[in-house]
1. Quick one: net charge around residue 29, please, counting Lys, Arg +1 and Asp, Glu -1 for every other residue with C-beta under 9 Å from its C-beta.
2. Under 20 Å Cα-Cα from residue 114, which lysines qualify once same-chain neighbours fewer than 8 residues away are excluded?
3. Among 11-20, 38-47, 25-34, how do they line up by average Cβ neighbours within 10 Å per residue, starting with the highest?
4. Using the basic label-point model (7 angstrom from Cα toward the beta carbon), what is the residue 5 to residue 77 distance in nanometres?
Amino acid sequence: TALHLNIPRITLPEPVAEALESIDLKNPNELDTEEYNSYSGAAIAGTLIFFLLPGALVSGVYDVIGEFLAAAGKDFAFSALIGGGLAAYLSLRKDGAGEAANNLGKTALNAVDKLLE
């Protein structure tokens, strides 16, 4: 990214990496720094998008204002698993969907860079 902010790497266990490769996904352990940042950015962006949009509806934030903090915590966890997981999966694909997810990740990280400048 412009500020040279790199996402800390998490090395996946070999059985997980092999499982990803067996379904024709990229192995995150083998991504270079720019690819890994895009992959991570896609997962973060997917989490936040899902957190702000459909995840809020699923968790009931709109219906029960008094329970906002509990609902927000549940919503964020749900968003990270579904939105972030889906975006991470897509970013590891070797096709146009993977390219689109990685572009989303780059855009998200560049937006954070601009906010921090």
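1. -1
2. Once the sequence-local lysines are set aside, what remains near residue 114 is 106.
3. Top to bottom by mean Cβ count within 10 Å: 38-47, 25-34, 11-20.
4. 2.7 nm
Since every read-out is calculated from the coordinates, none of them should be taken as a lab result. Small disclaimer: the values here were computed from a predicted structure and weren't measured. Note that each Cβ is placed from the backbone with ideal geometry, even for glycine, and that neighbours are counted across all protein chains shown.
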